[in-house]
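Every read-out reported here was derived from the displayed coordinates using simple, explicitly stated rules and does not represent laboratory data. Source: prediction; values computed, not measured. With ideal geometry, Cβ positions are generated from the backbone for all residues, glycine too; neighbour counts draw on all protein chains shown.
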Amino acid sequence: AQSVTQLDSHVSVSEGTPVLLRCNYSSSYSPSLFWYVQHPNKGLQLLLKYTSAATLVKGINGFEAEFKKSETSFHLTKPSAHMSDAAEYFCVVSYNTGGFKTIFGAGTRLFVKA
Amino acid sequence: DAMVIQNPRYQVTQFGKPVTLSCSQTLNHNVMYWYQQKSSQAPKLLFHYYDKDFNNEADTPDNFQSRRPNTSFCFLDIRSPGLGDAAMYLCATSSVRVGTDTQYFGPGTRLTVL
């Protein structure tokens, strides 16, 4: 079965410190992996995506993620958190084999302290 | 700017009173999706249209229907809203229905059921 697990429901960091949001996936197929961000009462915005090209993916606002097939992980990182990064982050797996499917992780709420 | 627009942003309805939520897009995308997102949960795909082809998720209640009269517009109809249908409803679009394709989200409509 295909699944996405975000290992932390909440992460709290201080402004200026690194951010790590963890995501593991399970897929029998070659998935595409995405990170989306959702600010309160807003829609989702794409941060970055992996589609079988370079394993280190750079996204918007200084975020990046590394696809590690051996660990089935796609963790999201940022070297230095900003107050505006406080939001909900979703890891998403998508694939076509056996029919189109998109699976969302449960989300990680990022808190940034001044 | 090309975008996904949802109207209204906030909708209040009474228990059992039909309600329609609207989504429009200026991206000229072939695929339009409807998601339900309950408080502190991940978005859950209800159904999607690939052009005029309607694709219902297996666990979407019959109470939820959708119409897509043309490429630009898609509607979500809730025939008899219950208290459990109170949620944020997100519309999204993508150019094609492949796993690698990015979904572009609207700001959402928050539905309250009294």
Given N residues in the stretch B:61-114, what is Rg(Cα) / (2.2 N^0.38 Å)?
1.32
With a cut-off of at most 13 other beta carbons within 10 Å, and DSSP calling the residue loop, which trypsin sites (Lys or Arg not before Pro) in the stretch B:36-67 qualify? Please list them.
B:LYS38, B:LYS52
Counting only the backbone N, which residues of the stretch A:63-83 are under 16 Å from the spot 7 Å out from the Cα of A:SER30 toward its beta-carbon?
A:67-70
The stretch B:1-87 - Rg and Dmax from Cα coordinates, angstrom:
13.0, 37
Environment charge of A:SER32, counting only residues whose C-beta is closer than 14 Å and scoring Lys/Arg +1, Asp/Glu -1
+3
Go ahead and run the numbers for FRET between A:ASN41 and B:ASP62, Cβ-Cβ distance against an R0 of 30 Å, rounding to 0.05.
0.55
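Filter A:LYS78/B:LYS52; A:LYS68/B:LYS52; A:LYS58/B:LYS52; A:LYS42/A:LYS78 down to the pairs with a C-alpha to C-alpha distance above 32 Å, please. Let's see the in-between values first.
Details: A:LYS78/B:LYS52 41 Å; A:LYS68/B:LYS52 38 Å; A:LYS58/B:LYS52 35 Å; A:LYS42/A:LYS78 22 Å.
Cα-Cα > 32 Å for A:LYS78/B:LYS52; A:LYS68/B:LYS52; A:LYS58/B:LYS52; rest within.
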Mean-square fluctuation maximum in Gaussian network of chain A, Cα pairs under 10 Å, restricted to A:LEU44, A:LEU33, A:LEU21, hits A:LEU44
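Please find the FRET efficiency linking B:ASP51 to A:THR17, where r is the Cβ-Cβ separation and R0 is fixed at 41 Å, and quote it to the nearest 0.05.
Efficiency computed from Cβ-Cβ geometry: 0.30.
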Excluding residues fewer than 8 positions from A:LYS49 in its own chain, the aspartates and glutamates with Cα under 15 Å of it are A:GLU64, A:GLU66, B:ASP101
How many angstrom separate the Cα center of the stretch A:1-24 from the Cα center of the stretch B:89-114?
23
Give me the one-decimal Kirkwood hydrodynamic radius in Å for chain A, with the sum taken over alpha-carbon pairs.
14.2
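To the nearest 20 Debye, how big is the dipole of chain B about its Cα centre, given +1 on the beta carbon of each Lys and Arg and -1 on that of each Asp and Glu? Show your work: numbers first, answer last.
Details: 10 positive and 9 negative charges, 58 e Å.
So the dipole magnitude of chain B works out to roughly 280 debye.
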So for the pair A:THR72, B:VAL12, with labels modelled 7 Å out along Cα→Cβ, what separation do we get in nm?
4.7
Of A:LEU46, A:SER80, A:PHE63, whose Cα points farthest to the positive end of the dipole of chain A (charges on the beta-carbon: +1 Lys, Arg; -1 Asp, Glu; origin at the Cα centre)?
A:LEU46
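Taking N as the number of residues in the protein assembly as shown, what value does Rg over Cα atoms divided by 2.2 N^0.38 Å take? Mind showing how you got there, number by number?
Working: Rg = 17.6 Å, N = 228, 2.2 N^0.38 = 17.3 Å.
Output field value: 1.02.
What is the magnitude of the charge dipole of the protein assembly as shown about its Cα centre, with +1 placed on the Cβ of each Lys and Arg, -1 on the Cβ of each Asp and Glu, and no other charges, expressed in debye to the nearest 20?
Working: 20 positive and 16 negative charges, 37 e Å.
In debye, rounded to 20, the protein assembly as shown gives about 180.
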Modelled label reach - B:LEU114, point 7 Å along Cα→Cβ, the stretch B:13-39 residues with backbone N closer than 18 Å
B:13-20
